[in-house]
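Presented below is the structure to which this report refers.
The values are calculated or read from the model by the stated rules, or taken from the named source; none is laboratory data. Remember, it's a predicted structure, so these values are computed and weren't measured experimentally. Cβ coordinates were reconstructed from backbone atoms using ideal geometry, including for glycine residues, and neighbour counts include every protein chain displayed. To get the accessible areas, we keep the full protein, side chains included, count just its heavy atoms, and leave off ligands, DNA and RNA. Shrake-Rupley method; radii C 1.70, N 1.55, O 1.52, S 1.80 Å.
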Amino acid sequence: MEEMSEEYFDIESKVNKYSKQLSDLLNAKPVKYSEWPNIDKTTLSKSAGVYHFFECDGGNRSSLYVGKAGFGSSTWSLSKRLNQHFQVSQKNALLGKIAKVSNQQPEEIKYSLCNREVFLQWLILCEADLVWTECFCKSILMPKYTDA
């Protein structure tokens, strides 16, 4: 069997591609968690993509959650999936994940997130790139409340 190398798998071009998408996500204009209900979601309602919740605490930023929306035959647009992260009934979204580890009620958590420096960013992508972009972003950002 011939020796395998990075070039054999085209690793450099893949790392460059997903690094650029991660950079684009992190450079996307952040929306404060408390401002989500007031933004125009028209484009997001017809889009697939990845998203990132993060918190600024002093000079530090910490990644809270990374996810994707619009994969496969899913009817979940980016807008619908992001809306779930603001609903206290959603156990598999940000509020539910924090509630699971913090022993707090989702309502308390939502109030707290609205009053802290918590932000959301997203990147619209074609569905073919969603899974690998999400995986790359999770592996680099290591968000506190996203399952690996």
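Given Cα pairs under 8 Å that are at least 6 residues apart, what percent is the relative contact order of the chain?
34
Return the label of the correct value of Rg/Rh (Cα atoms, Kirkwood Rh), as calculated from the structure shown, out of (1) 1.68; (2) 1.16; (3) 1.02.
Answer by label: (3).
With every protein chain present, what is the per residue accessible area of the chain (1.4 Å probe, Å²)?
Normalised by residue count, the accessible surface of the chain is 61 Å².
Suppose only helical runs count, i.e. DSSP H with n ≥ 4. What mean residue ellipticity at 222 nm does that imply for the chain under -39500 (n - 2.57) per run, divided by all residues and rounded to the nearest 500 deg cm²/dmol?
Computed ellipticity for the chain at 222 nm equals -11500 deg cm²/dmol.
Name all residues of the stretch 15-32 having a backbone nitrogen under 20 Å from the label point set 7 Å from the Cα of ARG116 along its Cα→Cβ direction, giving them as ranges.
Within reach of a label on ARG116, which here means backbone N under 20 Å from a point 7 Å along Cα→Cβ, the stretch 15-32 contributes 30-32.
In whole Hz, with x marking every Gly and Pro, tabulate ³J(HN,Hα) for the stretch 56-66 from phi via Karplus 6.51 cos²θ - 1.76 cosθ + 1.60, θ = phi - 60°.
My calculation for the stretch 56-66 gives 9, 10, x, x, 9, 10, 10, 7, 9, 7, 10 Hz in order.
Just to check I understand the Karplus step: with θ = phi - 60° and J = 6.51 cos²θ - 1.76 cosθ + 1.60, what whole-Hz values come out for the stretch 132-138, glycine and proline as x?
Running phi through 6.51 cos²θ - 1.76 cosθ + 1.60 with θ = phi - 60° gives 6, 5, 4, 4, 4, 4, 5 Hz.
Can you compute the FRET efficiency between ASN27 and LYS100 using 1/(1 + (r/R0)^6), with r the Cβ-Cβ distance and R0 = 30 Å? Round to the nearest 0.05.
Numbers: r = 31 Å, r/R0 = 1.03.
The pair ASN27/LYS100 has a calculated efficiency of 0.45.
Of the residues THR75, THR42, THR133, which exhibits the maximal mean-square fluctuation in a Gaussian network model of the chain defined by a 10 Å Cα contact cut-off?
In the Gaussian network model the winner is THR42.
Would you mind telling me the share, in percent, of accessible area of the chain contributed by carbon and sulfur at probe 1.4 angstrom?
On the chain, the fraction of accessible area on carbon and sulfur atoms equals 51 percent.
Could you go through the stretch 80-91 in sequence order and give the Karplus-derived ³J(HN,Hα) for each residue, using 6.51 cos²θ - 1.76 cosθ + 1.60 with θ = phi - 60°, rounded to whole Hz, and x for Gly and Pro?
5, 5, 5, 4, 4, 6, 10, 9, 5, 7, 8, 6
Cα-Cα over 19 Å: which of LYS41/LYS144; LYS46/LYS68; LYS17/LYS46; LYS80/LYS138?
Too far apart for the 19 Å limit: LYS41/LYS144; LYS17/LYS46; LYS80/LYS138.
Just how far, in whole angstrom, is the stretch 44-63 from the stretch 66-117 if you go by their alpha carbon centroids?
The two parts, judged by their Cα centres, are 12 Å apart.
Figure the gain on full extension for ASN38 and ARG61 (residue separation times 0.36 nm, minus the Cα-Cα span) and round it to one decimal in nm.
5.9 nm is the gain from fully extending ASN38 to ARG61.
Which is the longest run of the chain containing none of the GluC sites (Glu not before Pro) found in DSSP loop states (not H, G, I, E, B) with at most 16 other C-beta atoms within 10 Å? Present the calculation step by step, with values, prior to reporting the outcome.
On the way: sites that count: GLU2, GLU3, GLU6, GLU117.
Maximal segment without exposed cleavage sites: 7-116.
Can you tell me how the stretch 16-61 classifies by the Cα gyration tensor, rounded, prolate or oblate, using a/c under 1.5 as the rounded cut?
Numbers: a/c = 2.98, a/b = 1.04, b/c = 2.85.
Taking the square roots of the gyration eigenvalues as a ≥ b ≥ c, the stretch 16-61 is oblate.
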